[in-house]
Amino acid sequence: MNASRPAVHPVEAPPLTDAAVHHPRVRMKDVQGMPGTKGGLFLRLSQFMFAIISVSVMATTNDFRSATAFCYLVLAVGLQSLWSLSLAFVDIYALLVKRSLRNNIVIRLFTIGDGITSTLTFAAACASAGITVLIGNDLDKCAMNHCTKFETATAMAFISWFAMSPSFLLNFWSLASQ
């Protein structure tokens, strides 16, 4: 049998030049939504806006102190609004001076803060939704209470949490990829 056989010829790597040795490694681009990007600033401002609307609507009722879940909602969403506003200022600064926020310590701080505040906000929104359903559907006491305002505040807290989730996931992804 006269079949040809493949020949394997080793290929040598080209010699390294000084430019290849001393260049820093290439980093992935900043994905929109990460800290220091326009998308990240938009997410922070939307988190802040929906959190402030939730706190404002709940604070306009005079009987939100009647349920512990509503007090917890005001506390958790108030904390989230402060956190989101402070990080929005950091994003504005980073955009103005054209600085990347890819520092390991900074990303770790953002990830932990986003994780804590998003968990608190989600838990408070779920608890408030449960109490709102109890008051409205089970006890049928919407005539005495401000059910529409409770529902609106709870919905705004959920929307604020939805805006917080991409921030947390992108920060966590960035932290894990370092």
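The values are calculated or read from the model by the stated rules, or taken from the named source; none is laboratory data. Everything quoted here is computed from the prediction, not taken from an experiment. In this analysis, Cβ positions are derived from the backbone assuming ideal geometry, glycine residues included, and neighbour counts consider all displayed protein chains. Heads up: the accessible areas ignore ligands, DNA and RNA and are worked out on the full protein's heavy atoms, side chains in. Shrake-Rupley method; radii C 1.70, N 1.55, O 1.52, S 1.80 Å.
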Would you mind computing, in nm to one decimal, how far apart the modelled labels at VAL133 and SER66 are, each placed 7 Å from Cα along Cα→Cβ?
2.0 nm
Per the charge dipole of region 38-177 (beta-carbon charges, Lys/Arg positive, Asp/Glu negative, Cα centre), the residue among ALA124, PHE172, GLY78 reaching farthest to the positive end is PHE172
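Ordered by packing density, taken as the mean number of other Cβ atoms within 10 Å over each peptide's residues, highest first, how do 103-110, 169-176, 121-128, 69-76 rank?
On the way: 103-110: 15.1, 169-176: 17.1, 121-128: 21.9, 69-76: 20.4.
The peptides rank, most packed first, as 121-128, 69-76, 169-176, 103-110.
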Kirkwood estimate for region 38-177, i.e. one over the average of 1/r between Cα atoms, Å:
15.6 Å
In whole Hz and in residue order, list the ³J(HN,Hα) couplings for region 84-90 that follow from phi through the Karplus curve 6.51 cos²θ - 1.76 cosθ + 1.60, θ = phi - 60°; x for Gly and Pro.
5, 5, 5, 6, 5, 5, 5
Got the relative contact order for region 38-177 handy, in percent, Cα pairs under 8 Å and 6 or more residues apart?
40 percent
Between SER56 and GLN32, what FRET efficiency comes out of the Förster formula 1/(1 + (r/R0)^6) with R0 = 30 Å and r the beta carbon distance, rounded to 0.05?
0.55
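For SER66, SER118, give me the order by solvent-accessible area with a 1.4 Å probe, most accessible first, ignoring ligands, DNA and RNA.
Working: SER66 90, SER118 10 Å².
Descending accessible area places them as SER66, SER118.
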Mind listing the phi-derived Karplus ³J(HN,Hα) values for region 150-162, rounded to whole Hz, using 6.51, -1.76 and 1.60 with θ = phi - 60°, and x for any glycine or proline?
4, 5, 5, 5, 5, 5, 5, 5, 5, 5, 5, 5, 4
Can you work out the Karplus-derived ³J(HN,Hα) for every residue in region 67-79? Use 6.51 cos²θ - 1.76 cosθ + 1.60 with θ = phi - 60°, whole Hz, and x for glycine or proline.
10, 4, 5, 6, 5, 5, 4, 4, 5, 5, 6, x, 4
